[in-house]
Amino acid sequence: MSLFITDECINCDVCEPECPNDAIYQGEEIYEIHPHLCTQCVGHYDEPQCQQVCPVDCILIDTENPETPEQLEEKYKTIMASKA
Ligand code: SF4
Ligand code: SF4
């Protein structure tokens with residue numbers, strides 16, 4: 001499952017540089033996450049780095065779009081291959 005940012009976001013800019021996949025970007029009103037680039041940090045870290053740093057805890061897991069650990073690993077590999 002990718003993560004998403006709720007409208008409680010205060011646009012503090014802290015999460016964006018922490019994402020190893022460059023999945024976080026400034027949207028029209030708040031920061032947003034590209035679902036196809038978010039691996040829950042699988043392949044890079046044990047925990048979602050954006051959640052660790054968000055001061056208002058407004059980054060949540062999108063449970064409506066479940067992905068298995070294997071799918072997240074495949075997504076990670078695809079992202080890495082596209083950067084190579
Ligand atoms: Fe980026 Fe990891 Fe947060 Fe997903 S969980 S947006 S990959 S920092
Ligand atoms: Fe918004 Fe949290 Fe990211 Fe700050 S760290 S920009 S409050 S989502």
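Looking at region 16-36, which of its residues are near ligand 1 (Cβ under 7 Å from one of its atoms) and either farther than 17 Å from P66 by Cβ or modelled with pLDDT under 95 (or both)?
If the condition is that a residue be near ligand 1 (Cβ under 7 Å from one of its atoms) and either farther than 17 Å from P66 by Cβ or modelled with pLDDT under 95 (or both), then E18, C19, P20, N21, A23, I24 are the ones that fit.
From I59, I79, I30, grab the single residue that is in contact with a Gly (Cβ under 9 Å, 6 or more places away or on another chain) and surrounded by 11 or more Cβ atoms within 10 Å (Cβ to Cβ).
Unique residue meeting the criteria: I79.
A quick yes/no check of all residues on (1) of a type outside the set (S, T, Y); (2) in a strand (DSSP E or B); (3) more than 10 Å from ligand 2 (Cβ to nearest atom):
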residue	(1), (2), (3)
I10	yes, no, no
V14	yes, no, no
D22	yes, no, yes
Y25	no, yes, yes
L37	yes, no, yes
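Among the residues of region 45-56, what is the count of those that are surrounded by 15 or more Cβ atoms within 10 Å (Cβ to Cβ), assigned to a loop (DSSP other than H, G, I, E, B) and within 8 Å of ligand 1 (Cβ to nearest atom)?
Here the count works out to 1.
Name the pairs: first residue in region 29-57 and charged (D, E, K, R), second residue surrounded by 13 or more Cβ atoms within 10 Å (Cβ to Cβ), Cβ to Cβ under 7 Å, at least 6 apart or on different chains?
Pairs that qualify, where the first residue is charged (D, E, K, R) and the partner is surrounded by 13 or more Cβ atoms within 10 Å (Cβ to Cβ), are E32/I5; E47/C41.
For region 70-82, state whether one or more residues are acidic (D, E) and not in a helix (DSSP H, G or I).
So far as region 70-82 goes, no, none of its residues is acidic (D, E) and not in a helix (DSSP H, G or I).
Within region 68-77, identify whether any single residue is within 16 Å of ligand 2 (Cβ to nearest atom), more than 12 Å from F4 (Cα to Cα) and either at pLDDT 95 or above or among the polar types (S, T, N, Q) (or both), and answer yes or no.
Taking every residue of region 68-77 in turn, none turns out to be within 16 Å of ligand 2 (Cβ to nearest atom), more than 12 Å from F4 (Cα to Cα) and either at pLDDT 95 or above or among the polar types (S, T, N, Q) (or both).
Just to be sure I understand the filter: pairs with C-beta atoms under 7 Å, separated by 6 or more residues or on different chains, first member in region 12-27 and of a type in the set (A, V, I, L, M), second member within 6 Å of ligand 1 (Cβ to nearest atom) and not in a loop (DSSP other than H, G, I, E, B). Which pairs pass?
Pairs found: A23/I33; I24/I33; I24/C50.
The values are calculated or read from the model by the stated rules, or taken from the named source; none is laboratory data. Just so it is clear, the model here is predicted, and its values are computed rather than measured. Heads up, the Cβs are rebuilt from the backbone with ideal geometry, glycines too, and the neighbour counts pull from every protein chain shown.
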